[in-house]
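Peer 1: Before we start, here is the structure in question, set down as structure tokens.
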Amino acid sequence: VHPPPAAAQPGVPLAPVLVPSSTFEFEESEAFADATAARIGSGYVYSRWANPTVDAFESAVADLEGADDAEAFASGMAAISSIFLGTCKSGDRIVAARQLYGGTHSLLSEVLPRFGVEAGLYDVDDYDGIAKGLAEGARLFYCETIGNPRVKVADLTTLGELADEADVPMIVDNTFASPILCRPIEHGASLVVHSATKFLGGHHDLVGGIACGSPQLLEPVRHVARELGPVLSPFDAWLALRGMATLSLRLERSSDNALAVARALAAHPRVEAVHYPALGDDPDKPLADALFGGRGGGNLGFDLTGGRDAARRFQDELRLVKRAASLGGTHTLIVHAASITHTQLNAEELEAAGISEGFCRLSVGIEEPADLIDDLTQALDATG
Ligand SMILES: Cc1ncc(COP(=O)(O)O)c(C=O)c1O
């Protein structure tokens with residue numbers, strides 16, 4: 001139970017250090033009491049409040065996002081719900097873009113209303129509607145840099161100005177873009193949130209989330225994390241830190257692959273439409289140029305002719321591309337949005353979000369692009 005500690009030696013570890021300890025001992029009871037009273041900042045006490053490995057992950061993401069501070073969570077949804085829980089109270093309204101991850105959509109439309117917090121949803125480019133919604137009084141404005149799953153790009157500069165005029169904090173889910181493509185704080189975001197499960201981790205081996213921003217805005221969010229407990233485990237923070245070392249390489253490769261795949265899909269007769277912001281004729285291309293330096297990220301969407309049935313047959317023919325939820329990792333994954341990621345939306349809401357019956361979302365990994373194109377083409381050809 002009490003092995004003797006190894007003798008200390010000079011030399012600082014180069015790789016991130018995993019500290020799984022849930023609790024920390026103090027030499028003196030007074031220092032222990034002081035650190036406990038402060039909870040954070042005066043020494044590590046208990047890993048629900050703060051942990052060195054989790055802190056290292058928070059610093060890394062804050063640094064990449066250009067934020068002063070960050071708080072890690074057990075999942076992207078834990079981060080998003082803690083922002084709402086920490087910032088809103090009964091009677092508040094949230095103005096949000098309609099192009100959202102399904103879990104965030106149901107949080108806003110079903111869960112929060114039970115606590116007296118209502119949300120008004122607008123198309124992300126309905127600037128008049130958003131300005132009006134904000135002027136009517138809103139606690140927060142919420143959107144995704146690249147909306148899940150239709151990869152519609154938010155004009156963060158315009159939206160940031162609208163939020164600023166109304167004096168409403170803009171919260172941006174930057175999961176699809178990652179800080180390599182875009183840093184929403186530079187466009188007026190007050191808080192940036194990520195599902196670290198996706199590009200930050202990047203290897204399909206962890207579930208995590210993080211919120212970044214100013215210490216003042218993060219304070220109530222951090223309070224939810226530390227008191228209610230949806231915190232990131234040190235091991236997942238360590239995996240995320242390890243993944244982040246290759247974030248820019250993976251993002252570049254995924255973006256290049258996605259563009260090559262998008263072009264191949266657009267040329268196939270079974271594909272009705274391809275949605276990818278870096279494609280030459282995509283309506284969001286000018287925004288992708290302005291916000292992401294011309295890159296489009298690793299995700300794209302496409303509509304298959306033949307609707308849900310064709311989408312099922314096509315996916316069953318795939319050999320290299322995996323039928324699996326999640327995105328932003330090394331492997332290329334495909335989902336049929338209406339039956340996997342956006343089941344929370346009814347037919348009307350699916351239509352409003354631009355999700356057709358044949359819509360598939362492809363998260364393009366870092367494989368050889370020719371192998372991906374071969375696999376997708378053979379599956380399309382075999383769909384008949
Ligand atoms: C844009 C976006 N935000 C948030 C989430 C939720 O993240 P998590 O699954 O880590 O809770 C997801 C999950 O797919 C997502 O795509």
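Peer 1: Taking 2.2 N^0.38 Å as the expected size of a compact globular protein, what ratio does the Cα radius of gyration of segment 181-299 give against it, to two decimals?
Peer 2: Taking the Cα Rg and dividing by 2.2 N^0.38 Å, one obtains 1.29.
Peer 1: Right, next: Mind ranking 327-336, 162-171 by how tightly packed they are, going by the mean number of other C-beta atoms within 10 angstrom, highest first?
Peer 2: Top of the packing list down: 327-336, 162-171.
Peer 1: Okay, moving on. Between E317 and D126, how many nm apart are label points set 7 Å from Cα along the C-beta direction?
Peer 2: 3.8
Peer 1: A follow-up question, please. Using only alpha carbons, build the gyration tensor for segment 96-164 and give me the equivalent ellipsoid semi-axes, biggest first, whole Å. Spell out each step's value before the answer.
Peer 2: Values: eigenvalues 70, 54, 13 Å².
The three semi-axes for segment 96-164 are 19, 16, 8 Å.
Peer 1: Whole-Å semi-axes of segment 215-260's equivalent ellipsoid, largest first, each the root of 5 times a Cα gyration tensor eigenvalue?
Peer 2: 32, 14, 9
Peer 1: What is the packing order of peptides 192-205, 23-36, taking the mean over residues of other C-beta atoms within 10 Å and listing the highest first?
Peer 2: 192-205, 23-36
Peer 1: Take the Cα coordinates of segment 24-172, assign each an equal point scatterer, and use the Debye formula without solvent to give log10 I(q)/I(0) at q = 0.08, 0.14, 0.15, 0.18 Å⁻¹.
Peer 2: Cα-only, vacuum Debye calculation for segment 24-172: -0.30, -0.77, -0.85, -1.07.
Peer 1: Taking the simple approach of a point 7 Å from Cα along Cα-to-Cβ for both A347 and T377, what is their distance in nm?
Peer 2: Between A347 and T377, the label points sit 3.8 nm apart.
Peer 1: Follow-up question, since we're still on this one. Using 0.36 nm per residue of separation minus the Cα-Cα distance, give me the extension gain between D205 and H268 in nm, one decimal.
Peer 2: 19.3 nm
Peer 1: Further question on the same structure: Beyond 22 Å, what share of the Cα-Cα pairs of segment 150-244 is found? Please give it as a whole percent.
Peer 2: Values: 1576 of 4465 pairs.
Pairs farther apart than 22 Å: 35 percent.
Peer 1: Quick one: in the chain, what % of C-alpha pairs are over 32 Å apart?
Peer 2: 35
Peer 1: With each label point set 7 Å from Cα along the Cα-Cβ vector, what nm distance links T36 and T157?
Peer 2: Between T36 and T157, the label points sit 5.4 nm apart.
Any read-out appearing in this document is the output of simple, stated calculations on the displayed coordinates, not a laboratory observation. Just so it is clear, the structure is predicted and the values come from calculations on it, not from any experiment. Because the Cβ atoms are built from the backbone with ideal geometry, glycine has one as well, and the counts that use them run over all protein chains shown.
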